[in-house]
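Accompanying notes for the structure given below.
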Amino acid sequence: TKVATGTSAQRGSTTGQWRYNTDTGYFEGRNATGFASLEPTPTVTGVDVTDVDSAAGGTQTFVVTGTNFSSGGTISFVGSDGTEVNANSTTYNSATQVTAVEEKATFVNAKEPWKVKFTSSSGKIGTSTGLIYQDQSPSWSTAAGNVGNVLESSAISPVIQLSATDPDGDAVTYTE
């Protein structure tokens, strides 16, 4: 069976007509209100940057991975409170990758984790789980200042204890 093909400008007016749209690359059918596309729903599965230092200033580039991305779509970031911010720019790379750029200051701690949302030009939406966090500095439990005196070439006794935790769950390491 051959299905009609053509551009969006060549669409017919018969309800129940199925066709392949050469402009969009998707099959579509005419219902009572117009043409409906059989465009697949996109999914967002990952992003290459998961910690953003919002206090650093400037922009952050994100490479977003998923499925069924299409040219002309946009990336937005959704905070845990539902706040939605459109990326400054979205670049279509392939059906499985897009690149987005957004201000680092957008990613405030109070709204993490941030989800990544892809919206196709026809309105199909795919949203990730929370993927992006604000990169926060460790919190020291040890008071600032002199933590002990050590003679050169001597063993440290008693051992000097330092303690810090990272709100993002990153490992904290100490060096002299």
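The values are calculated or read from the model by the stated rules, or taken from the named source; none is laboratory data. Quick caveat: nothing in here was measured; it's all calculated off a predicted structure. Glycine also receives a Cβ, built like all others from the backbone with ideal geometry; neighbour counts cover every protein chain displayed. With ligands, DNA and RNA removed, areas are computed over all heavy atoms of the protein, side chains included. Shrake-Rupley method; radii C 1.70, N 1.55, O 1.52, S 1.80 Å.
With every protein chain kept in place and ligands, DNA and RNA left out, what is the accessible area per residue of the chain? Probe 1.4 Å, answer in Å².
I get 60 Å² per residue for this part.
Can you classify the range 37-176 as rounded, prolate or oblate using the Cα gyration tensor, where a ≥ b ≥ c are the square roots of its eigenvalues, rounded means a/c under 1.5, and otherwise it's prolate if a/b beats b/c and oblate if not?
prolate
Of the listed peptides 109-116, 25-32, what is their order by residue-averaged count of other C-beta atoms within 10 Å, with the highest listed first?
Ranking, from highest mean packing down: 109-116, 25-32.
With equal scatterers on the alpha carbons only and no solvent term, can you work out the Debye log10 of I(q)/I(0) for the range 114-169 at 0.20 1/Å?
Those come out to -0.87, one per q.
Place +1 on the Cβ of every Lys and Arg and -1 on the Cβ of every Asp and Glu in the range 40-139, take the dipole about the Cα centre, and give the residue among Val49, Ala95, Ser139 whose Cα lies farthest towards its positive end.
The listed residue farthest towards the positive side: Ala95.
How much of the accessible area of the chain, in percent, comes from carbon and sulfur atoms when a 1.4 Å probe is used?
49
7 Å from Cα along Cα→Cβ at both Ala155 and Phe27: what's the point-to-point distance in nm?
Spacing of the two 7 Å Cα→Cβ label points: 7.8 nm.
Rounded to a whole number of µm²/s, how large is the Stokes-Einstein D of the range 16-117 at 4 °C and 1.567 mPa s, given Rh as the Kirkwood radius over C-alpha pairs?
Result for D is 85 µm²/s.
From the phi angles alone, apply the Karplus equation (6.51, -1.76, 1.60; θ = phi - 60°) to the range 121-134 and give each ³J(HN,Hα) in whole Hz, x where the residue is Gly or Pro.
My calculation for the range 121-134 gives 5, 9, x, 6, 10, x, 10, 7, 7, x, 10, 10, 10, 7 Hz in order.
Ranking request for peptides 12-18, 129-135: highest mean number of other beta-carbon atoms within 10 Å first, then the rest in descending order.
129-135, 12-18
Using a/c under 1.5 as the rounded threshold, could you call the range 77-131 rounded, prolate or oblate? The axes a ≥ b ≥ c are square roots of the C-alpha gyration tensor eigenvalues, and prolate needs a/b larger than b/c, oblate otherwise.
Judged from the Cα gyration tensor, the range 77-131 comes out prolate (a/c at least 1.5, a/b above b/c).
Compute the relative contact order of the chain as a whole-number percentage, counting only Cα pairs closer than 8 Å that sit 6 or more residues apart in sequence.
That works out to 18 percent.
From the Cα gyration tensor of the range 8-49, with a ≥ b ≥ c the square roots of its eigenvalues, which class applies: rounded if a/c is under 1.5, or else prolate if a/b is larger than b/c, or else oblate?
prolate
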